[in-house]
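The values are calculated or read from the model by the stated rules, or taken from the named source; none is laboratory data. Model, not experiment: these values are computed from the prediction. No Cβ is skipped: glycine too gets one built from the backbone with ideal geometry, and neighbour counts run over all protein chains shown.
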Amino acid sequence: MLTALGRLAVAVALLAALVGGIGLLGAFGTPSAAPVAGPQPVQELRPAPVEPGSAAPPVEEPIPQAGPGVDPVRHWADQVSADIDVPARALVSYVNADLAMRRHQPGCRISWTTLAGIGRIESDHGRYGGALLREDARPSRPIIGVPLDGTPGVRVIGDTDGGALDGDRLYDRAVGPMQFIPSTWRKWATDGNGDGLGDPQNLDDAATAAARYLCNGGRNMSTGPGWWSGLLSYNNSEEYGQKVFGLAEKYAAAGNRRR
């Protein structure tokens, strides 16, 4: 875990003034089950008019400005939050996950805007069902999806964690702001905030785990084929990918307006 001064020094070197210490837990590998779309709490979103595989959203690189002693990530997030209806604390999670991957897997080029698009669809950035995203990056109450019991439109996945993460001993349920299946979380558990734990209900951890998952296999998320391959591995639905694409473009445009 880097100190505050260490984070600022690395940030200046990256010309982003953003990076925080991130510890990655768990072995890299191919997950046995991709995350399933979660509660879907947001209003219907018009899919972006883009052919799957033909393009990727722009890679947005926020360059916040902040004075001495001010967290530049949070300073930038506070400025952008209202423009795009994303809690500032959620933006901190997404941006730090982006920057962690630039350090640990720079060839992936995943952008915080893609992570934010997924977080919007999966849990409205930790606000599903009237929850609030707290300053510790956890929703005010746990976010747990429907039982994966094979009812119409739902996959069948029997319990894989003894109910430890989702409270269900019969079937798995997607958990947390990024809606990980327990078996998938076990493979990609990530400590995104340096507290020594990997918690799917913590957006710092979940956003960094999602970034690692999307970057699996050497994907370049700045290319059309790479981006769509990643998104369809997360949720095998073109409509889902188009919604994330449209949201990512919207977030990138708002970030550019703040430069």
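Within the stretch 163-187, can you find the residues that are hydrophobic (A, V, I, L, M, F, W, C) and farther than 19 Å from residue 240 by Cβ? Reasoning before the result, please.
Taking the stretch 163-187 and keeping what is hydrophobic (A, V, I, L, M, F, W, C), we get 164-165, 170, 174-175, 178, 180-181, 185.
Of everything in the stretch 163-187, those that are hydrophobic (A, V, I, L, M, F, W, C) and farther than 19 Å from residue 240 by Cβ turn out to be 164, 165, 170, 185.
Of all residues being in a helix (DSSP H, G or I) and closer than 13 Å to residue 248 by Cα in the stretch 66-94, which is nearest to the chain's Cα centre (by Cα)? Just the residue, please.
First pass over the stretch 66-94, keeping only residues in a helix (DSSP H, G or I): 72-84, 88-94.
Restricting the remaining residues to those that are closer than 13 Å to residue 248 by Cα gives 84, 91, 94.
Numbers: 84: 16, 91: 10, 94: 6 Å.
Within the stretch 66-94, the match that is nearest to the chain's Cα centre (by Cα) is 94.
I'd like to check something: does the stretch 202-215 contain any residue that is at positive phi and under 18 Å from the mean Cα position of the chain (by Cα)? Break it down into steps so the answer makes sense when it comes.
Of all residues in the stretch 202-215, those at positive phi come to none.
Taking every residue of the stretch 202-215 in turn, none turns out to be at positive phi and under 18 Å from the mean Cα position of the chain (by Cα).
Residue by residue through the stretch 190-203, note down the ones that are surrounded by fewer than 24 Cβ atoms within 10 Å (Cβ to Cβ) and under 21 Å from residue 121 (Cα atoms).
199, 201
In the set 184, 208, which member is over 15 Å from residue 120 (Cα atoms), among the polar types (S, T, N, Q) and either assigned to a loop (DSSP other than H, G, I, E, B) or touching a Gly at 6+ places or on another chain (Cβ under 9 Å) (or both)?
Only one candidate passes the filter, namely 208.
Examine the stretch 169-182 for a residue that is touching a Leu at 6+ places or on another chain (Cβ under 6 Å) and more than 26 Å from residue 92 (Cβ to Cβ), and state whether such a residue exists.
If we filter the stretch 169-182 for residues that are touching a Leu at 6+ places or on another chain (Cβ under 6 Å), which is where we start, we get 171-172, 175, 177, 182.
Now restrict to residues that are more than 26 Å from residue 92 (Cβ to Cβ): 171-172.
Yes - at least one qualifying residue is present in the stretch 169-182.
Could you list all residues from the stretch 204-219 that are among the polar types (S, T, N, Q) and crowded, with 20+ Cβ neighbours inside 10 Å? Break it down stepwise before answering.
Initial filter on the stretch 204-219 (among the polar types (S, T, N, Q)): 208, 216.
The one that is among the polar types (S, T, N, Q) and crowded, with 20+ Cβ neighbours inside 10 Å: 208.
Pick from the stretch 118-141 the residues that are touching an Asp or Glu at 6+ places or on another chain (Cβ under 9 Å) and in a helix (DSSP H, G or I): which of them is surrounded by the most Cβ atoms within 10 Å (Cβ to Cβ)?
120
For the condition surrounded by 24 or more Cβ atoms within 10 Å (Cβ to Cβ) and without any contact (Cβ under 8 Å) to a residue 60 or more places away in the chain, what is the one hit in 176, 163? Quick ask: steps written out before the conclusion?
On the way: 163 fails: surrounded by 24 or more Cβ atoms within 10 Å (Cβ to Cβ).
Answer to the selection: 176.
Quick one: is residue 111 buried (at least 17 other Cβ atoms within 10 Å of the Cβ) and modelled with pLDDT of 95 or more? Outline the logic, then answer.
Details: buried (at least 17 other Cβ atoms within 10 Å of the Cβ): yes; modelled with pLDDT of 95 or more: yes.
So residue 111 passes the test.
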